[in-house]
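Q: One structure, pasted below without further comment.
The values are calculated or read from the model by the stated rules, or taken from the named source; none is laboratory data. From a predicted model like this one, the values you see are computed outputs, not experimental measurements. Here the Cβ positions follow ideal geometry from the backbone for every residue, glycine too, while neighbour counts run over all protein chains shown.
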Amino acid sequence: MSAFIASRRDQMDETDRAILRELELGVPLVQQPFAGIGVALGIPEEEILSRIRKMKDAGIIRKIRARINQREIGIAANALVAWNVPKGWDGFERLADLPGVSHCYLRKPVPGKWEYSVYTVHHNRTQDEVYSIVRRFAREEGITGYQVLFSTEELKRVPAVRIDQTGEGTR
């Protein structure tokens, strides 16, 4: 573990961890959501907000955002795309910026079995929309090797667990 990660973790006390656990459960949709978290923890709203700001400034919290049920709003085509990019290719940012891409990452290929090293996760309204975006990008970038793998069923979808490593308490 790097000293930087340890130093951030050491900046947190049990109250900070409790706040993070509450945030992982979701911010309540009420007039003063952080006041509600404060009541649950026995802490004034101002202290909740101050601690959240400090954790954000320290890089412990990256952002707080809404989590939508994408299928309920018509985003039904979800695909993992495996890319076999040319040696020396430098289009990672362009790939990550494609419409509907939520993840873009590298993995080591398995020589002779699976030559793909770059992966993206796409979320769009239709499979045709995903294919159109992928084909156009591949053509523009000179990439001839890629596989589009659509999800057929959602088996699990929960936020990443950061505080409670067992996953208990996730909704």
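Q: Can you list the strands (runs of 3 or more DSSP E) lying wholly within region 49-150 that have 2 or more residues being under 29 Å from G26 (Cα atoms) and at pLDDT 95 or above? I'd like the intermediate steps shown before the answer.
A: Details: elements: 77-84, 101-106, 118-124, 145-150.
Correct list: 77-84, 101-106, 118-124.
Q: Could you check how many residues of region 33-48 are at pLDDT below 95 and either outside the structural domain of E14 (by TED's automatic domain parsing) or in a loop (DSSP other than H, G, I, E, B) (or both)?
A: Residues meeting the conditions: 0.
Q: Now, a different point. Can you pull out every residue in region 22-53 that is free of Cβ contacts under 8 Å to residues at least 40 places away in the same chain, surrounded by 12 or more Cβ atoms within 10 Å (Cβ to Cβ) and within 22 Å of the chain's Cα centre (by Cα)?
A: The answer is E22, V27, P28, I52.
Q: Which condition number does I60 fail, the rest of (1) under 28 Å from E153 (Cα atoms); (2) β-branched (V, I, T); (3) surrounded by 10 or more Cβ atoms within 10 Å (Cβ to Cβ) being met?
A: In the conditions (1) under 28 Å from E153 (Cα atoms); (2) β-branched (V, I, T); (3) surrounded by 10 or more Cβ atoms within 10 Å (Cβ to Cβ), I60 misses (1) alone.
Q: Against the definition (farther than 28 Å from E24 by Cβ and not assigned by TED's automatic domain parsing to the domain that holds M12), how does R157 come out, yes or no?
A: On the way: farther than 28 Å from E24 by Cβ: no; not assigned by TED's automatic domain parsing to the domain that holds M12: yes.
The answer is no for R157.
Q: I need a count of the residues in region 129-143 that are without any contact (Cβ under 8 Å) to a residue 40 or more places away in the chain and surrounded by fewer than 11 Cβ atoms within 10 Å (Cβ to Cβ).
A: Residues meeting the conditions: 2.
Q: Hey, can you tell me all the residues within region 54-74 that are over 17 Å from the mean Cα position of the chain (by Cα) and of a type in the set (S, T, N, Q)?
A: Selection gives nothing.
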